[in-house]
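Working notes, beginning with the structure itself.
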Amino acid sequence: MSSTSAGIASIGLQLPPLFMPVTQLAELRGVDPNKYTKGLGCTDIALCPNGHDAATLAVGAAKRALSRWKGSVSDIGLVAVGTESAKDMSRPLSAWVAEELGLSGVIRSYEVKHACYGGTLALRQALEWKWSGAGAGKAALVIASDVALYALGDPGEPTQGAGAVAMIIDEPLVASVSPTSFPFSSPAFDFWRPVGDSFPSVDGQLSLDCYKRAVIECFSALIGDRNARSMLTEYHAHCFHVPFPKMVKKAVLHLGAELGWSLEETEAFYQRKVEGTLEWNQLTGNAYTASLWISVARALVGLKQGTPITAFSYGSGYGAELLELAAGPAAASAAWASDVEKDLSQRKPVDGVGYQRLRGHALAS
Ligand code: HMG
């Protein structure tokens, strides 16, 4: 295999063992449930029990990706974890993963931070490391893992979630990734978490505006001077970072308006090319760095080799990047779908009281 043909060789997902339907949260907060289900498009919030964190999820996803790969840990020369749920200001989350997997020696091991964009950056770095030849024949293990929690009662609370996606960068059996990508960044305080704060601060409206602007900038760069209508419909699916499902629809409607499409045309495009990619995200909630890759993993299921899709990554602060992928031969059987099916079938529901207990705030009455 030449280094430039490297892509995603294996993929593993890990979802936490608990969840709460957003309707339960609506009841707890005295809010019309339609606000969460219809207004934001949310269904469930994936939750971690005590003692379960982004490292636990990352290790679970990595073990699953490794179990389906023909190589072994001794073939890995780089491990990078994209996260905004760091356990330490200095020690990278990759060190917890490496400890659990027995990864040590001639390996570059680090954590990447750029809000929800960190996982995509880790993936790009690993691909570029392989493509450049710097990997010297070794494979990379990339993990996007997060637990998204807001302060109790925060407007972001119904969008909480958690999950991890691990990808091994080697032969493009799951997907190949185009070396050309379309980044855009512009510094903003749309969503941030000051050092020492347990939960993020958010300028909600600004965050929506930044996300939508980034979509326009990245897609405009992809389209260039080509016909947007014909080129965008050539992709089987368009995947997005999913802070909450309605955000993705808002962004697509914005893109359609920018391209001069009628509302009906954009709605039809959304239904055909985007809506189906959100199926798993609706059940996990926002898994920050993992969100986009949960959507990509869903979109690749059952695709014929060579089928193209796009992946739009967004991280507050803000930075975005649009990637082009093509399904590899392993997408048709999509073994990773069983990770999600297993985790969803085994996870336990939590009601309002259980949620308050989990968050360390028992109900007063
Ligand atoms: P809010 O202020 O509570 O919600 O928070 P709202 O009042 O704007 O209502 C939301 C929608 O529900 C509206 O629809 C309402 O009309 C509708 P829209 O007008 O927008 O189409 N609604 C109802 N619908 C049906 N029945 C009802 C009803 N009531 C209202 N009864 C906000 C919304 C998104 C701001 C909040 O959830 C939040 O702060 N979330 C976190 C920030 C976020 O997710 N931003 C997204 C872009 S930034 C990003 O993606 C990065 C991020 O992932 C972090 C990272 O990068 O690390 C967040």
Which numbered condition in (1) open to solvent by 10 Å² or more (accessible area, probe 1.4 Å); (2) in a strand (DSSP E or B); (3) in contact with a Ser or Thr (Cβ under 8 Å, 6 or more places away or on another chain); (4) within 16 Å of the ligand (Cβ to nearest atom) is the only one that G163 fails?
(1)
Of the conditions (1) on the phi > 0 side of the Ramachandran plot; (2) not aromatic (F, W, Y); (3) not in a loop (DSSP other than H, G, I, E, B), G153 clears all except one; give me its number.
(3)
State whether one or more residues within segment 11-25 are touching a residue at least 40 places away in the same chain (Cβ under 8 Å) and of a type in the set (F, W, Y).
yes
Please go through segment 181-231 and pick out each residue that is open to solvent by less than 50 Å² (accessible area, probe 1.4 Å) and of a type in the set (S, T, Y).
S181, S186, S201, S207, Y211
Here the residues within segment 37-62 that are assigned to a helix (DSSP H, G or I), within 16 Å of the ligand (Cβ to nearest atom) and open to solvent by 20 Å² or more (accessible area, probe 1.4 Å) are T37, K38, G39
Among the candidates E171, E157, which residue alone is within 9 Å of the ligand (Cβ to nearest atom) and at pLDDT 95 or above?
E157
Does A134 count as part of a helix (DSSP H, G or I), among the small types (G, A, S) and under 23 Å from S74 (Cβ atoms)?
no
Cβ-Cβ below 6 Å, separation at least six or inter-chain, first residue in segment 276-296 and away from the ligand (no atom under 14 Å from the Cβ), second acidic (D, E): which pairs?
L283/D44
Across segment 72-88, which residue is nearest to the ligand (Cβ to nearest atom) among those that are within 13 Å of L121 (Cα to Cα) and part of a loop (DSSP other than H, G, I, E, B)?
E84
Checking A126 against (1) surrounded by 20 or more Cβ atoms within 10 Å (Cβ to Cβ); (2) closer than 26 Å to V202 by Cβ, only one condition comes out false. Which one?
(2)
Residue count, segment 269-302 (criterion: surrounded by fewer than 20 Cβ atoms within 10 Å (Cβ to Cβ) and assigned to a loop (DSSP other than H, G, I, E, B)):
3
Pick from T233, T266: which is more than 16 Å from the ligand (Cβ to nearest atom), farther than 26 Å from P16 by Cβ and hydroxyl-bearing (S, T, Y)?
T233
Within the group F244, F240, F312, which residue is open to solvent by 10 Å² or more (accessible area, probe 1.4 Å), hydrophobic (A, V, I, L, M, F, W, C) and within 13 Å of the ligand (Cβ to nearest atom)?
F244
From the list V81, V97, V112, V73, exactly one residue is in contact with an Asp or Glu (Cβ under 9 Å, 6 or more places away or on another chain) and open to solvent by less than 70 Å² (accessible area, probe 1.4 Å). Which is it?
V81
Among the listed residues S132, S186, which satisfies the condition of being over 18 Å from V248 (Cβ atoms), more than 21 Å from the chain's Cα centre (by Cα) and either more than 10 Å from the ligand (Cβ to nearest atom) or not assigned by TED's automatic domain parsing to the domain that holds A299 (or both)?
S132
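The values are calculated or read from the model by the stated rules, or taken from the named source; none is laboratory data. These numbers were taken from a predicted model, which means no experiment stands behind them. For neighbour counting, all protein chains shown are included, and Cβ atoms are generated from backbone atoms with ideal geometry for every residue, glycine included. Please note that ligands, DNA and RNA were not included when accessible areas were found on the heavy atoms of the full protein model with its side chains. Shrake-Rupley method; radii C 1.70, N 1.55, O 1.52, S 1.80 Å.
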